[in-house]
Amino acid sequence: MNIKKVGVVGCGLMGHGIVQVAAQGGCTVIALETEQAYLDKGISRIEKSIAKLASKDVKKGKLTEDQAKDWATEVRGRITGSINREDLADCDLVVEAIVEDLDAKKELFGALGKLCKAETIFASNTSSFPVAEMAVASGRPERFVGLHFFNPVQLMRLVEVVRTDATDEDVYAAARAFGEACGKTPVSCKDTPGFVVNRLLVPYMVQAINMLDRGDASAADIDAAMQLGCGHPMGPLTLTDYVGLDTTLSILEGWCERYPNEPAFGIPDSLRSKVAEGKLGRKTGQGYYTWEGDKKS
Ligand code: 3HC
């Protein structure tokens, strides 16, 4: 099963990156959004990222200026934007990267199940919901996987490939091969909360927030400790701001609902209150740090 045409639903933080790496991997990609304004914003981020990667390759001497220009034009040329779901009908693979709302995802997959050709494989980039529930909603659970990418998608080298009990072997193999074509190393996971990375990462971020809230250490010191003591590229509080406090809270809320007795999934009060105040991290300029654009101030 060879994936050549890919639809990506949602062109936000994760979706725009998935569109881009799929196009870099040689696929023709349709980027679907609900409104033209969201689509324009996503496409403009992709264009900036492609330009950045191209100029980096020139600086490193990997490509000449002309080769980099051709590469950027080719990659951009494989991407088409759309606000009509019908345009996904003949895709080989559709990857969902919309808001973390299980009902919205189920509604989407229900509609796609009726709309797309019988061979189309469906994948969700969910970070927290059971893949099996969406698979059932799609009406084709045997052709459904989780494909969990990491932020920033263009730079992070991992994709988690999540199979449910119903996933066909050849569908799973095709999804892995697609991840590799996107330049990622796939790891295989069962359909468990947080898969591998978030199951380890989110409780760690929670412990860092609890440490800050108890006054054990400052945010800067907690982050410096993990960067310098463990070689992490970002400390846990910077990472919480980078991932988004709303995303972190929504992951934890989903887990708490399903596993109320798991102590590692406790939600810090400061996380709830900051989200309620609209302090969502880097994207709003305030979280556990104050941000000016991409930089902490
Ligand atoms: N496209 C192209 N280039 C990009 C880019 C993008 N989207 N984002 C950053 N870059 C470039 C920068 O411009 C910079 O280029 P330069 O070297 O020419 O200046 C280069 O990449 C490095 O970026 P920075 O200088 O900003 O900083 P870093 O060296 O710290 O690298 C990072 C940034 C790769 C994000 C690194 O800090 C990192 O690995 N952080 C950890 C990220 C992480 O843990 N992600 C996973 C989050 S969990 C998740 O996603 C799961 C979800 O379900 C919650």
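The values are calculated or read from the model by the stated rules, or taken from the named source; none is laboratory data. In this text, all values refer to a predicted model and were calculated from it rather than measured experimentally. Because the Cβ atoms are built from the backbone with ideal geometry, glycine has one as well, and the counts that use them run over all protein chains shown. For accessibility, only protein heavy atoms count, side chains too; no ligands or nucleic acids. Shrake-Rupley method; radii C 1.70, N 1.55, O 1.52, S 1.80 Å.
Considered as a group, the residues in the stretch 84-101 that are touching a helix residue (DSSP H, G or I) at 6+ places or on another chain (Cβ under 7 Å) and assigned to a loop (DSSP other than H, G, I, E, B) include one that is surrounded by the fewest Cβ atoms within 10 Å (Cβ to Cβ), and that residue is ALA89. The single condition among (1) part of a strand (DSSP E or B); (2) of a type outside the set (Gly, Ala, Ser); (3) within 10 Å of the ligand (Cβ to nearest atom) that ASN151 does not meet is (1). Specify the residue that is least open to solvent (accessible area, probe 1.4 Å); the eligible residues are those in the stretch 151-170 that are under 22 Å from GLN20 (Cα atoms) and touching a residue at least 60 places away in the same chain (Cβ under 8 Å). Filtering first and then ranking leaves VAL153.
Taken together, the residues in the stretch 163-197 that are more than 16 Å from the ligand (Cβ to nearest atom), charged (D, E, K, R) and under 26 Å from VAL75 (Cα atoms) amount to 2.
Every condition in (1) closer than 24 Å to PHE149 by Cβ; (2) modelled with pLDDT of 95 or more; (3) assigned to a helix (DSSP H, G or I) holds for HIS232 except the one numbered (3).
So which residues in the stretch 235-249 are assigned to a helix (DSSP H, G or I), touching a helix residue (DSSP H, G or I) at 6+ places or on another chain (Cβ under 9 Å) and either among the small types (Gly, Ala, Ser) or within 6 Å of the ligand (Cβ to nearest atom) (or both), if there are any at all?
At the first step, the residues of the stretch 235-249 found to be assigned to a helix (DSSP H, G or I) are 236-243, 245-249.
Adding the requirement that they be touching a helix residue (DSSP H, G or I) at 6+ places or on another chain (Cβ under 9 Å) leaves 236-243, 245-246, 248-249.
Once the filter is applied, which keeps residues that are assigned to a helix (DSSP H, G or I), touching a helix residue (DSSP H, G or I) at 6+ places or on another chain (Cβ under 9 Å) and either among the small types (Gly, Ala, Ser) or within 6 Å of the ligand (Cβ to nearest atom) (or both), the stretch 235-249 yields LEU239, VAL243.
Which pairs have Cβ atoms under 8 Å, sit 6 or more apart or on different chains, and link a residue in the stretch 49-73 that is open to solvent by less than 60 Å² (accessible area, probe 1.4 Å) to one that is within 14 Å of the ligand (Cβ to nearest atom) and among the hydroxyl-bearing types (Ser, Thr, Tyr)? Close Cβ pairs satisfying both conditions: ALA68/SER55. Filtered by the rule that a residue be buried (at least 16 other Cβ atoms within 10 Å of the Cβ), in contact (Cβ under 8 Å) with a residue 40 or more places away in the chain and within 13 Å of TYR288 (Cα to Cα), the stretch 195-221 gives MET205, VAL206, ILE209, LEU212, ALA219. Pairing residues of the stretch 255-282 that are of a type in the set (D, E, K, R) with residues that are in a helix (DSSP H, G or I) and open to solvent by 60 Å² or more (accessible area, probe 1.4 Å), at Cβ distances under 9 Å and at least 6 apart in sequence or on separate chains, gives ASP269/ASP213.
Residues checked against (1) in contact with a His (Cβ under 7 Å, 6 or more places away or on another chain); (2) modelled with pLDDT of 95 or more; (3) in a helix (DSSP H, G or I):
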site: SER128; (1), (2), (3): no, no, no
site: VAL136; (1), (2), (3): no, yes, yes
site: LEU155; (1), (2), (3): no, yes, no
site: VAL162; (1), (2), (3): yes, yes, no
site: THR167; (1), (2), (3): no, yes, no
site: TYR172; (1), (2), (3): no, yes, yes
site: PRO193; (1), (2), (3): no, no, no
site: ASP216; (1), (2), (3): no, yes, no
site: ALA220; (1), (2), (3): no, yes, yes
